[in-house]
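Single-structure report; data block below.
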Amino acid sequence: MERGLEGLREDCLSCKKCGLCAARTHVVFGVGNPQSKVMLVGEGPGEHEDLEGEPFVGRGGQLLDKLLAAVDLDRRVNVYITNIVKCRPPKNRDPLPEEQEACLPWLRGQFSLIRPKILVCLGRVAAMKLIKPDIKITKEHGRFFEKNGLLMMPTLHPAALLRNPKEKPGAFEDFLKLREKIDELGCDIRNSGV
Ligand code: URA
Ligand code: SF4
């Protein structure tokens, strides 16, 4: 605990707990404000993320930044963004169940240091792992699920929105709902006067 999030990051950068360590360029730990009460969790790094060491920096990431900006959220100011697995799965395949399990302690560590009030699952893989295994994301996106006082909302993955642009308005509505919930809870770090 005393080493905090930076200590956890340092440890994570040398992790070899699953096979994904073999081909990675960078471990992609996370980005954002550790004081934030809103955490977004994707699936795993893609090519650009692996090269740069930051989550969601490719085309999907640019779309995510736009959705965030539309509701006055910013990846460096009032949210924290990470992934289920911190190293890139080869050819962007879904991370295997055992890879997700191996990596989960890093996410748990981030979670217990940041203590978000709202967790947004970006796409099916994160929603299945963190909300419920039988989630139907096309039907249930934008709903809030409560677990031990934590509100969790699944939304469509930005890469899915790029493949299927007609889903964008639905995703935008999810972000509006997120904004409403943040305001209802009064948990935007940007507005807290610090
Ligand atoms: N897709 C993800 O799920 N996470 C990233 O960081 C980039 C693309
Ligand atoms: Fe470690 Fe996670 Fe990378 Fe696997 S994906 S090597 S568990 S940091």
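Before moving on, here are some points about what is shown:
- The distance linking segment 120-194 with segment 94-114 is 19 Å (Cα centroid to Cα centroid, whole angstrom).
- Between the listed residues LEU40, HIS26, PHE144, the Cα displaced farthest toward the positive end of the dipole of the chain, a dipole computed from Cβ unit charges relative to the Cα centre, is found at PHE144.
- Spin-label pair HIS48/ARG93, simplified geometry with 7 Å Cα→Cβ offset, distance in nm: 2.5 nm
- Listed by chain and number, the lysines placed with their C-alpha closer than 23 angstrom to that of LYS37 are LYS66, LYS86, LYS117, LYS129, LYS132, LYS147, LYS177, LYS181; residues fewer than eight positions away on the same chain are left out.
- Taken over the Cα atoms of segment 18-120, the convex hull encloses 88 Å³ per residue.
- Applying 0.36 nm per residue to the separation of ARG143 and GLU101 and subtracting their alpha-carbon distance, the gain on full extension is 12.6 nm.
- Packing order of peptides 154-160, 28-34, highest average first: 154-160, 28-34 (average count of other Cβ atoms within 10 Å over each peptide's residues).
- Student exercise, segment 11-161 dipole from Lys, Arg, Asp, Glu Cβ charges, in Debye to nearest 20: 300 debye
- For the chain, DSSP calls about 30 percent of its internal beta bridges antiparallel.
- Electrostatic dipole magnitude of segment 51-130 [Cβ: Lys, Arg +1; Asp, Glu -1; Cα centre; debye, to 20]: 80 debye
- Overall dimensions of the chain by Cα: Rg and Dmax, Å: 15.6, 46
- Among LYS177, LYS139, LYS86, the largest mean-square fluctuation in a Gaussian network model of the chain (Cα springs under 10 Å) belongs to LYS139.
- Stokes-Einstein diffusion of segment 1-72 at 10 °C, 1.306 mPa s viscosity, Kirkwood radius from Cα pairs, rounded to a whole number: 116 µm²/s.
- Comparing mean-square fluctuations of LEU96, LEU20, LEU178 from a GNM of the chain with C-alpha springs under 10 Å, the top value falls on LEU96.
- Of ARG108, ARG179, ARG75, the one that fluctuates the most in a GNM where the chain has Cα springs shorter than 10 Å: ARG108
- Applying the criteria of a DSSP loop state and at most 14 other Cβ atoms within 10 Å to the GluC sites (Glu not before Pro) of segment 1-56 yields GLU2.
- Gyration tensor (alpha-carbon) shape descriptor, segment 74-161, a/c threshold 1.5: rounded
None of the figures in this text is laboratory data; all of them are computed from the coordinates on show. Just so it is clear, the model here is predicted, and its values are computed rather than measured. Please note: Cβ atoms are built from the backbone with ideal geometry, for glycine as well, and neighbour counts cover all protein chains shown.
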